[in-house]
Structures are given as C-alpha cells and as structure tokens.
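Take a look at the structure set out below.
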Amino acid sequence: MSFIRTVFSITSLCCLVFSTTTFANPALDELCRDEPARIQRLFECLDLSTKALAPTNATVQAKDWPGACRTLLDYYENKHAGDAVVPSVPPRKASAAAKAILQDTFTFYAVADTVPRLDHGGLDWTWQGPTHDLEWAWGLNRQSHLSVLLGAYAASGDEKYVQRINDHLIDWVLNNPYPGKKTRGAQWRGLETALRLSHWKSVFTTLQQCDALSPAARILMLSALPDHAHYGRNFHATEGNWLTMEMNGLANIATTWPEFKASADWYEYTVDQMTTSLTQQTYPDGAQIELSSSYHEVAANNFKRFSDLAKKEGHALPQAYDVTLESMWNYLAYIIRPNGKNPLNNDSDYEKIADRIARHAKEYNRADWQYIATHGKKGTRPERGPSLAFPWAGQAIFRSSWKADALWSFFDFGPTGTAHRHYDKNHLSIHAYGRDLLVDSGRYSYVGDKWRRYFTGTQSHNTLLVDGKLQKVMGPLTEEAMTDQISITEDFAYARGHFTQGYVGLDGKATHTRAVAFIDNAFWIVVDRVETNQPRDITALWHFHPDNTVAVSGNMDIFTQNEQGNLRVVSAAPEAWKMGLVEGQEEGGIQGWYSVKYNSKVPNPTIVCETKIEKNTNWAWLIMPGEKDPVAASIAILESSDNEVVCAVSMDNAPATRYRIPLSGDCTIELRTAKK
C-alpha cells in the first residue's frame, strides 16, 4: 500500500465527532469509555513492534485501553525525563500576558479581547476579536499562548499556568474535530495546523514531570497528531511561506514523535518539499519571491529552523540548501537601513533586524554582515556597496556609507511579488541622518476593507497616479535579472523602472517610467516620464514619516523642518504643479496614513502634487538631504526627449552642473557631468 493510502486509511479509521466529554480532566477510564474510536485509532497509528513499546503492545492486544494509555504515558515520561521545565528559584513574577490568559483575555496583533465561553464551558475557538478579524481567530488557534503560560510556569513555579494549558488542550482537541479536507476555518487552516505544533511540542516534552498536565490531556494531544500530520501531508500549500511553515510542522511531528508508523515517510516528504521549495522561492540574488522584507525573514527563519532540525536529527541536507539559505540572510544584511531596521515594503512590519543579522554573521562567519550590523565597530568592511542593487528582486539600495547617519534609499522597480503584494511600482523611500523621511505606508491590516485597499494601493506610495487610477497587478515574478536597468559606479548609482501593465479602470493607455540617480553619495535626482495616448491628470505623491514637520514654500519647494535630519524636494517645473498637504484624511478618499505594524495606523504628512498633461511628458525632481538645513538648490530641465532628460542642478548659487539621466538604453554609461 502506498504511503498516501496508508496514512489516509489510518486517518479514516475514526472520524472524530463532538463528544459529551468536557475538558474537566477526565480520568483515563472515562476518556477511553467516551472516546473509544479515538483511543483505538491512536494505537493503530503507533508502531508498537519496537522493544520500548512492548508493554504498550501487550495491553493493546488485551484490549485494555486505559492500561495501554498508562503504559504509553510511562514510556514518554521516561523518554523526556531530562526535558523538564525547572521553575525559577526564587520564583519570579509571571508575565501580565499569562495572567490575562487565566482570565480568558488574549492579545493578537496588538489587539486584546476576552474570548467568550460556550455552553459546554470551553472557549469559542472561532472568536475573531473586537475587530471581527479572522487573523485574530487564526492567532488564537496557533496557540502561542500555551508557550506564554509555559514561560509563566517556568518563571514562577505556579502550576495554575499548567492547569490552564491542560484545560485548553482538552477543550481544543475534543471540540474541534478534524474536517479531513482543506479549509480556511479558524481551527484547521494549514498555518494554524502547523504552527501550534511547535507549542504542543514544548508543552509535551517539558511537562512530563508535571502532574498538572493530566494523563487525559497528554493522550488527547497524541491522538490529534495523526490528524495534524494528515493535513500537513495532503493539504499543504504548494509554494511560498505557507509551504515552509507547514513542512516544519509536519517535520516537528515526525521527529518529536517517531513512534508513529508514518513518521519516517513524513520526514522524507518534508526534506523533498523543503529542498525543492528553497530553490523555487529564492531568486539568484537572495531575495524571497514574496518581496516583503518581513516575510523574507519568516521564510529564511523557517528554512533555517528546518536545517537546524535536520542537523539535530543527524540528517544531511544538500550543500546547495545551506548556500541558498546564506544568500537569503545576505539579502537582509545588505538592504538594512542605517538605523538597523528593514525596508517597509509590501506587507511588512517595521522592525530592528540588525541584532539578528549580527547573530547570523557569527554562524556563517560573515564579517561583512557583522560590519554592516554594527556600523563598522566589528567585522570587515564589505567589498560590495555601500550602494547596490538586487536585479532579480528589482530593488536598488543607494546609500552613502555604512555609518549610522548615512543617506539611504530604497527604490522598488521590480515585480509585485507572489504574495502580500502592494501595487507600488517605482516607489522610493529615503532615510537620512538617523531619520526616516520619505516612507512606504506599511500594511496595517488584512481585513478586506477600505483600509486594506489604501495601504496596498498605489495611493499610499511615493509614485504616480494617472487620472487618479491605481496600478494594475503586475507579473508577480521576474523572468530574468534586470541588470540592464542598473548602473553603479563610484560617483553615481542609478536604476530605472518601467510600469507598463496599465491602471485599473483607465480609459486608453498610459505607462510610467521612473529613473532614480544617487549623485556623489549626496543627493538624488528623480526623473518621471508618462507616455499616454490622450490628455491625463497626473498625481505625484510624497509620503513623509509622521515624525516630520513638512511644509511647501512659496516657490513650491517641499521641505521638512526637523531639528535633525531634513529633506527638500524640488521640482524642475514648480509652476506646473498644484501642491497640497494632506494628513490623516478619510473623507473624499483615504490619504496620509502610516502603519509600522499590524493593526496600528497613524496620520502622516503627505504632499499631493497634481498637474495636467496633453501628451507624453517628462518631469524631474531634486531630493536634497541635510543634517540640519539642506543647502539651497534648484533643478531645471535643459533637454528632454523620449530617451533622456538633461538636468542642470545648482547649489548655493554655484555654477550649475549638468546631468544626463537616461530613460532607456544602455545603463553602463547612464550618467555624466559637464560644467555649463
């Protein structure tokens, strides 16, 4: 019989049904009486032919099901005798989060709520929190709160935290039967099925010596594992981060509980899936194909977790696995902001990742990562950079140095990514002198409402709208490296993006080309070109971090007024634009909002620039940073064509310098200067 058929036949021996048994710590005799099919199925799934499980096998043959449960638990108690949680001495104060959980109050995605109890006394595991967000219910069913309670027990020695773990496990297993099919429900979606296993693993292996985790809870956990394995083996995602997390969940079962008959097959399957997926998910430049810095790290962590598990179990993975995984950490190291935080691209949260990069630097013996993460205090100066691009991801990182006060920009000229995408082609973020200035607006929420449409839409990014319309979905993947759109030398760093997919609901056709040039590690020139077959209304957007004080001068210069770290945005044709400041707007269209993490949003100053065009048109912008006040500067377009723009930049009334900014063609000689 094939592996798939074997697992299915074992799984289908007993379809779980709602039981009159509650989570009130039934004795093993009661559990075996009220859940006979469940208990018998558990032992059908175990390999009882081993010497270690001989006592259990004898009681199973005698159909002494309570006895079989006791001998099985004795086996696991001996197996994990050295894994016990040792309470702190003297006891420390348990966390506020754990105490709240004792009152049925949970916090997910920074939102707290009290989960109601149902008529049978157990929790409503479908509860979506105060905002009716299914993500909240999924968070509840991932059961990370079990680890919070476990930590509180370890810190205090108070068994009431284990008793609550016990109650939740019994409640969940008995009242959330396995559907036996792929689902997006709160309890049995693939991610939740996989992610709760890491918490179950910690509870099961470390609490064998704690009587507060009852025999019934332990047996019920074991009885639910074949269902989790069946879901993970048969209904997992086929790509992306979901696949990596679900395979880690299946590997957790296979390696923590090798006593199941199918464990070896489960593990072999995860190795095949993970090694194949790592190559499929990772571009040659190291970027993960979802193109979100946060989910990139999630993917890298899951691939790393699987690698660590394989090494612990003595299983060798292909050499290419570690090489590709290292390239993923390399990507994160080189896109990092001077303040040690990640770009806020696509669905990301804004987090400090420098410490994590430094930790991986030691493991991979990468002195260049250590140098980047510590601003040169440790490690070795990188041979690449500080400006560089990732031609498969379509992302350019332009920076002046590796110091904490460096100038830094993130230009997104590539595909949208396979998941968690925003419609933000040609977006530009800028950080300078320790301050975030121009920003991506973040993700905020996954609830499919007006806010989700805003934060994922073109209107919340520093790019152009055409007739007020938003960008259409681009191809999610790059078919080849975009090296012909990049040029980096000692004096200039250059990249350009072409958005040709069109705009949602637009009458006719229009395309947007943006070229970004970082000059002398000192300032940026941005050239935009819109090609159109009819007159258009054009909107250029500049979103600033909420900590900035932003104004527009009489000559239509955009500038910040901060004590430290400032930016001036100057148009080459200020008379062409109508500029207005928007902040925290909801009426008349959402605009001017910023989110650093899920379920959090605040107003941020946004400059909305509007103009009308009759035909194909080019514009130029000078973006000048300053530690205090940026130098007085101006920009003018001297020559303009389909293929290039020649700009004159003047600073502090000095003679103008000419810069040729290409819009198409060979990038290897894209920039040149000459005195006027």
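Just so it is clear, none of the values below were taken in a lab; they were calculated from the coordinates. These figures come from a predicted structure and were not determined experimentally. With ideal geometry, Cβ positions are generated from the backbone for all residues, glycine too; neighbour counts draw on all protein chains shown.
Laid out as a table, the results:
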item: Convex hull projection area averaged over all views, region 422-580, Cα basis, nm²; result: 11.3 nm²
item: For S348, distant residues with modelled amide H under 5 Å away; result: R443
item: Rg(Cα) / (2.2 N^0.38 Å) computed for region 3-235, rounded to two decimals; result: 1.02
item: Average Cα contact separation per residue, region 522-664, under 8 Å, 6 or more apart, as relative contact order %; result: 28 percent
item: Three semi-axes of the equivalent ellipsoid, region 526-676, Cα gyration tensor, whole Å, largest first; result: 28, 21, 14
item: Contour excess over end-to-end distance, with Cα ends at T105 and D666 and 0.36 nm allotted per residue; result: 196.0 nm
item: 12 Å beta-carbon shell around Y598, net charge (K/R +1, D/E -1); result: -1
item: For peptides 259-271, 432-444, sequence by mean Cβ density within 10 Å, most packed first; result: 432-444, 259-271
item: Kyte-Doolittle mean at least 1.0, axial Cα span of 27 Å or more - DSSP H helices of the chain; result: none
item: Label point distance in nm, K51-S95, each placed 7 Å from Cα along Cα→Cβ; result: 4.3 nm
item: Protection-proxy order for peptides 227-233, 654-660, 330-336, each taking the mean of Cβ atoms within 10 Å per residue, highest first; result: 227-233, 330-336, 654-660
item: Local electrostatic count at P386 - Lys and Arg +1, Asp and Glu -1, tallied over other residues with Cβ under 14 Å; result: -1
item: Electrostatic dipole magnitude of region 385-629 [Cβ: Lys, Arg +1; Asp, Glu -1; Cα centre; debye, to 20]; result: 580 debye
item: Built amide H within the under 5 Å cut-off of K341, gap 5+; result: I353
item: Restraint check, K403/K597; K93/K160; K352/K628, Cα-Cα greater than 19 Å; result: K403/K597; K352/K628
item: Pairwise label distance in nanometres, T131 with Q534, each label 7 Å out on the Cα-Cβ vector; result: 3.9 nm
item: Computed magnitude of the charge dipole of the chain (debye, nearest 20; Cβ of K, R +1, Cβ of D, E -1); result: 520 debye
item: Within-11-Å neighbourhood charge of Y433 [Cβ basis; K, R +1; D, E -1]; result: -1
item: Convex hull projection area averaged over all views, region 472-544, Cα basis, nm²; result: 6.8 nm²
item: Semi-axis lengths (Å, descending) of the ellipsoid that matches the C-alpha gyration tensor of region 39-157; result: 36, 22, 12
item: A636 paired with H315, simple spin-label distance in nm, labels 7 Å along Cα-to-beta-carbon; result: 6.9 nm
item: Dipole magnitude of region 191-295, debye to nearest 20 (Cβ charges: Lys/Arg +1, Asp/Glu -1, about Cα centre); result: 340 debye
item: The chain, relative contact order [Cα under 8 Å, separation at least 6], %; result: 8 percent
